[in-house]
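**Student:** Take a look at this one; I'll ask things after.
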Protein chains: 6
Amino acid sequence: MKTAVFPGSFDPITLGHESIVRRALPLFDHIIVAIGVNQDKAGYFPLGKRLEWIKAVFSDCPSVSVESYNGLTVDFCKKMNASHLIRGLRTSADFEFERSVAHVNSRLSQSVETVFLLTQPEYVMITSSIVREVHKYGGDISQFIPRSIRID
Amino acid sequence: MKTAVFPGSFDPITLGHESIVRRALPLFDHIIVAIGVNQDKAGYFPLGKRLEWIKAVFSDCPSVSVESYNGLTVDFCKKMNASHLIRGLRTSADFEFERSVAHVNSRLSQSVETVFLLTQPEYVMITSSIVREVHKYGGDISQFIPRSIRID
Amino acid sequence: MKTAVFPGSFDPITLGHESIVRRALPLFDHIIVAIGVNQDKAGYFPLGKRLEWIKAVFSDCPSVSVESYNGLTVDFCKKMNASHLIRGLRTSADFEFERSVAHVNSRLSQSVETVFLLTQPEYVMITSSIVREVHKYGGDISQFIPRSIRID
Amino acid sequence: MKTAVFPGSFDPITLGHESIVRRALPLFDHIIVAIGVNQDKAGYFPLGKRLEWIKAVFSDCPSVSVESYNGLTVDFCKKMNASHLIRGLRTSADFEFERSVAHVNSRLSQSVETVFLLTQPEYVMITSSIVREVHKYGGDISQFIPRSIRID
Amino acid sequence: MKTAVFPGSFDPITLGHESIVRRALPLFDHIIVAIGVNQDKAGYFPLGKRLEWIKAVFSDCPSVSVESYNGLTVDFCKKMNASHLIRGLRTSADFEFERSVAHVNSRLSQSVETVFLLTQPEYVMITSSIVREVHKYGGDISQFIPRSIRID
Amino acid sequence: MKTAVFPGSFDPITLGHESIVRRALPLFDHIIVAIGVNQDKAGYFPLGKRLEWIKAVFSDCPSVSVESYNGLTVDFCKKMNASHLIRGLRTSADFEFERSVAHVNSRLSQSVETVFLLTQPEYVMITSSIVREVHKYGGDISQFIPRSIRID
């Protein structure tokens with residue numbers, strides 16, 4: 001069984017995240033959308049809510065599950081027997097950072113390979129951080145998040 | 001009347017900011033230099049001082065006014081009947097971020113268009129953040145800020 | 001009268017180009033879409049065709065005209081009494097090049113200022129060069145060019 | 001059966017290319033390394049040699065085959081029933097170009113998805129173009145190409 | 001005597017830092033590895049430890065000394081009669097930031113020139129920030145730091 | 001004796017090149033400005049002229065000499081007993097390319113180290129290629145080239 005982890009803070013999950021997972025489905029038998037918990041910093045939205053939203057978004061995908069984890073991403077992969085990490089690439093600024101992280105991960109665990117998919121053009125501007133900013137100032141975020149969930 | 005908003009934190013205003021506004025003058029009837037107030041984070045310089053400095057810098061420009069605002073930039077534009085946002089571009093790292101913000105703004109309000117001018121070569125290295133750093137450690141910032149103001 | 005030049009090779013004009021001009025309309029009284037003729041290199045499509053297509057695309061815009069020119073872009077601007085150049089920005093790779101060109105132009109003629117608009121997200125991947133490549137190999141380019149023209 | 005195409009000019013194949021294909025093996029049942037033939041420009045090395053070298057490099061991989069093709073990459077994918085394109089990413093400059101090409105390909109054929117793997121750190125500096133340059137001036141290219149082949 | 005300062009937070013020193021200093025040795029008579037102390041933010045590792053580690057790493061290099069400093073880097077250079085700053089470049093994202101800092105430094109003190117060396121390919125992914133992250137979550141950082149020191 | 005090579009096509013030498021060499025003088029006993037001759041492509045300006053201009057620019061610098069060379073840059077370095085290459089960095093787009101070349105050079109010859117200096121802000125927009133373009137169309141290039149030479 002080929003298992004992949006899609007790690008992130010998903011604070012909150014966006015249309016971009018949803019699209020990456022759906023397009024990765026044909027490549028893997030099991031995809032774990034995994035919220036990395038930062039012990040020093042609470043999220044903007046509560047962890048429970050974030051998990052719940054992801055579950056709702058992929059309720060139609062039996063091969064997708066949702067988890068949270070503490071510690072290093074590669075340790076979580078080992079625990080879950082995952083051979084691959086999935087990451088989305090939006091911009092070249094993203095790319096430099098993602099490359100460093102992926103290369104460090106492959107140093108920490110040679111058995112984990114990172115696979116990248118592109119964010120679709122219409123979602124390139126959407127980051128969780130910008131969505132939080134819009135939400136904080138009372139703007140309408142419904143066009144940036146999956147249609148199957150509602151965030152007030 | 002064609003009104004544009006030049007949003008920022010201007011903490012403090014730099015020679016780069018001044019140059020952008022002066023070169024944008026021929027494009028608009030009215031330019032509002034607008035300090036976005038972050039409710040969670042005080043500035044390095046007090047808001048009152050920042051507003052005062054900007055007013056002093058453009059005291060010779062009747063078509064420039066200065067404001068502060070809370071909330072989303074696009075909501076402030078609507079309130080002021082502004083059709084355009086003005087932004088300066090320094091580097092390609094700037095560009096990626098500015099593009100995301102501009103595209104989100106055009107999603108939130110299709111009636112607002114962002115116009116970019118280039119920072120002049122001799123000002124490309126000047127950011128408010130570097131100016132604050134130099135100021136904090138007692139360095140001379142006079143060569144980075146408009147000649148018409150003095151910051152001790 | 002505020003005149004701007006939108007220079008390029010337009011070989012061929014794309015949906016991205018069209019969108020830039022239409023969004024620049026409110027900023028200028030007159031926009032000249034200007035094909036720079038490279039004396040050493042013929043285009044992929046004949047100059048006559050390229051001019052004709054641009055005219056067709058903007059036939060509904062009385063303030064847009066179409067020209068071709070030899071020589072330096074800033075000299076063409078002077079001849080046309082244009083105070084501004086318009087350029088679209090797609091990616092950060094674009095940006096570095098555009099910045100060099102704009103700064104050289106402002107050195108050659110201080111009276112010409114370059115104004116940048118962003119290519120819309122759904123057109124970021126479209127360049128004339130990729131369109132030519134698709135056309136050369138018999139692909140369908142109709143989704144990359146303005147709806148009002150047809151290129152066989 | 002899940003088939004992927006790894007397109008390129010492979011002029012010549014490098015250690016970077018080899019590594020990408022080997023790391024993509026677990027993701028697909030069949031990988032076609034495919035040399036796109038540019039009808040207007042001969043390669044530096046003859047097409048026959050390039051095909052031969054790739055075959056030798058992957059002689060131990062039954063799920064890898066080698067082909068050349070004319071025309072659009074997405075048309076070749078359709079012909080081969082390939083659902084995915086594989087591309088390696090070296091640098092952020094690469095990224096911008098690869099993103100445009102991938103987005104155009106997904107416009108031309110929604111059934112083809114591009115999957116990216118990272119070039120390993122020690123191969124990031126190796127491009128076919130630099131290898132050709134070294135070869136042209138009589139330098140030793142053996143450390144840049146797969147160990148199983150020899151290019152004089 | 002030609003003296004250079006290699007400034008940083010070295011929190012902790014990495015294999016990348018060590019390599020930069022060793023390769024800079026032939027260019028200068030004296031290299032000062034200098035920890036800039038941020039008055040507002042304690043480091044992850046204590047300053048004393050960081051100084052000690054650097055001393056251990058370069059115990060075989062009589063022309064390398066280690067210092068900490070408060071205030072502006074250019075002021076520290078003046079105090080130490082240093083004519084050059086040394087910086088390592090990893091990625092293009094690094095580059096934009098380093099360029100701004102170097103240009104501001106040369107504005108603050110025209111007698112200080114910044115010299116850049118490249119991080120070696122196998123160390124490009126290593127940043128102090130990623131090393132801290134791995135350490136915080138209990139990962140093994142020994143492959144990212146100089147062989148002559150041990151960090152528990 | 002510490003010798004460095006500053007390689008390029010210098011077609012023609014610009015103010016940016018001149019500034020790099022002058023700022024590198026304190027680092028080396030001997031700097032060789034070296035024109036790499038591409039056997040397949042003639043320059044825009046004749047090689048003899050290019051050599052002559054460089055000589056004129058550095059006629060006041062006894063430690064600078066001028067040469068042309070065929071073949072690989074690292075082979076030329078060995079022949080001249082040069083331990084270092086000097087390169088100027090303008091933009092992050094430059095950087096990616098320069099990094100690949102420097103890393104390939106250090107693979108071809110571990111005894112050659114590349115040292116980078118920054119192009120000064122006011123010269124960042126100047127490339128030989130843009131200077132040739134301006135010259136070709138009859139523009140005034142005098143503000144882009146060293147004051148001590150004249151190119152008609």
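The values are calculated or read from the model by the stated rules, or taken from the named source; none is laboratory data. Predicted model, so just to flag it, every value in this text is computed and none were measured. So basically every Cβ, Gly included, is an ideal-geometry build from the backbone, and we count neighbours across all protein chains shown. Each accessible area value is taken on the protein alone, full model and side chains, heavy atoms only, with ligands, DNA and RNA left out. Shrake-Rupley method; radii C 1.70, N 1.55, O 1.52, S 1.80 Å.
**Student:** May I ask you to give the solvent-accessible area per residue for chain A, in square angstrom, as obtained with a 1.4 angstrom probe?
**Tutor:** 41
**Student:** Still on this model: To one decimal in nm, how far is E:Ser65 from the same spot in the other copies, if labels go 7 Å from Cα toward Cβ? Please give the shortest first.
**Tutor:** 3.7, 6.0, 6.0, 7.0, 7.1
**Student:** Any chance you could check the Cα centroid distance between the range B:63-112 and the range F:81-111 for me, in angstrom?
**Tutor:** With the range B:63-112 and the range F:81-111 each reduced to a Cα centre, they are spaced 40 Å.
**Student:** Roughly what angle does helix F:15-24 make with the longest principal axis of chain F, taking Cα atoms, 0 to 90 degrees, to the nearest 10?
**Tutor:** Helix F:15-24 and the main axis of chain F meet at about 30 degrees.
**Student:** If you count only protein heavy atoms and use a 1.4 Å probe, how large is the accessible surface of E:Lys41, to the nearest 10 Å²?
**Tutor:** 140
**Student:** Another question, if that's okay. Helix F:47-57: angle to the longest alpha-carbon principal axis of chain F, degrees 0 to 90, nearest 10?
**Tutor:** Rounded to the nearest ten degrees, it is 90.
**Student:** Can you classify the range C:3-136 as rounded, prolate or oblate using the Cα gyration tensor, where a ≥ b ≥ c are the square roots of its eigenvalues, rounded means a/c under 1.5, and otherwise it's prolate if a/b beats b/c and oblate if not?
**Tutor:** Since a/c stays below 1.5, the shape of the range C:3-136 is classed as rounded.
**Student:** Next up: Take chain D, connect every pair of alpha-carbon atoms lying under 10 Å apart with a spring to form a Gaussian network, then pick out the residue of D:Leu51, D:Leu117, D:Leu85 with the largest mean-square fluctuation.
**Tutor:** Per the Cα network of chain D with a 10 Å cutoff, D:Leu117 tops the list.
**Student:** Between the label point of C:Ser111 and that of the same position in each other copy, find the distances and list them shortest first in nm, with every label point placed 7 Å from Cα along the Cα-to-C-beta direction.
**Tutor:** Spelled out, the distances from C:Ser111's label point are 3.7, 4.6, 6.0, 6.0, 7.3 nm.
**Student:** Using a 1.4 Å probe on the heavy atoms of the protein chains only, list every residue of the range D:67-98 that has 40 Å² or more less accessible area in the complete assembly than in its chain alone.
**Tutor:** Residues losing area: D:Leu72, D:Thr91, D:Ser92, D:Phe95, D:Glu96.
**Student:** Counting only protein heavy atoms, probe 1.4 Å: which residues of the range A:103-122 lose 40 Å² or more of accessible surface in the full assembly compared with their chain by itself?
**Tutor:** Listed in order, they are A:His103, A:Val104, A:Arg107, A:Leu108, A:Glu113, A:Phe116, A:Leu118, A:Pro121.
**Student:** Grab the residue from chain C whose Cβ hugs the C-to-F rotation axis most tightly, plus its distance in whole angstrom.
**Tutor:** Result for the axis mapping C onto F: C:Ala93, 4.
**Student:** Using a Cα-Cα cut-off of under 22 Å, which lysines could be cross-linked to C:Lys41, ignoring same-chain neighbours fewer than 8 residues away?
**Tutor:** C:Lys49, C:Lys136, D:Lys41, F:Lys41, F:Lys136
**Student:** Calculated FRET efficiency, F:Ala56 and F:Tyr137, Cβ-Cβ r, R0 25 Å, to nearest 0.05?
**Tutor:** 0.50
**Student:** Could you tell me the total accessible area buried at the C-D interface, probe 1.4 Å, in square angstrom to the nearest hundred?
**Tutor:** 1300
**Student:** I would also like to ask the following. Within the range E:116-152, which trypsin sites (Lys or Arg not before Pro) sit in a loop by DSSP and count at most 11 neighbouring Cβ atoms inside 10 Å?
**Tutor:** Answer in residue order: E:Arg147, E:Arg150.
**Student:** Continuing with this model, one more query. Convert each backbone phi in the range A:128-135 into a coupling constant with the Karplus relation 6.51 cos²θ - 1.76 cosθ + 1.60 (shift: θ = phi - 60°), then list the ³J(HN,Hα) values in order as whole Hz, x for Gly and Pro.
**Tutor:** Rounded to whole hertz, the list is 4, 5, 5, 4, 4, 4, 4, 4.
**Student:** Heads up, I need the accessible area for E:Val124: 1.4 angstrom probe, whole protein in place, Å², nearest 10.
**Tutor:** Solvent-accessible area, nearest 10 Å²: 20 Å².
**Student:** Helix-only mean residue ellipticity at 222 nm, the protein assembly as shown, DSSP H runs n ≥ 4 weighted -39,500 (n - 2.57), per residue, nearest 500. What is it?
**Tutor:** Mean residue ellipticity at 222 nm (helix-derived): -10500 deg cm²/dmol.
**Student:** Using a 1.4 Å probe on the protein heavy atoms only, what accessible surface does B:His30 show? Give it in Å² to the nearest 10.
**Tutor:** Per-residue accessible area (B:His30): approximately 40 Å².
**Student:** Could you give the size of the charge dipole of the range D:62-152 about its Cα centre, using +1 on the Cβ of each K and R and -1 on the Cβ of each D and E, expressed in debye and rounded to the nearest 20?
**Tutor:** So the dipole magnitude of the range D:62-152 works out to roughly 160 debye.
**Student:** A further question follows. From the backbone phi of the range D:96-102, what are the Karplus-calculated ³J(HN,Hα) couplings (6.51 cos²θ - 1.76 cosθ + 1.60, θ = phi - 60°) in whole Hz, Gly and Pro given as x?
**Tutor:** The phi angles translate into 4, 5, 4, 5, 4, 5, 5 Hz.
**Student:** In nm, to one decimal, how far is the F:Ser63 label point from the D:Asn38 one, both placed 7 Å along Cα→Cβ?
**Tutor:** Reported label-point gap for F:Ser63 and D:Asn38 is 4.4 nm.
**Student:** Another question, if that's okay. Could you work out what % of the accessible surface of the range C:3-136 is carbon and sulfur, using a 1.4 angstrom probe and leaving DNA, RNA and ligands out of the count?
**Tutor:** Roughly 49 percent of what the probe reaches on the range C:3-136 is carbon or sulfur.
**Student:** Still on this model: Over all residues in A:34-44, what is the mean tally of Cβ atoms on other chains that come within 10 Å of each residue's Cβ?
**Tutor:** Rounded to a whole number, the mean comes out at 1.
**Student:** While we're on this one: 7 Å along Cα→Cβ for the label point: how many nanometres lie between F:Lys2 and each equivalent label in the other copies, listed shortest first?
**Tutor:** For F:Lys2, the inter-copy label distances come out at 0.2, 5.3, 5.4, 5.5, 5.6 nm.
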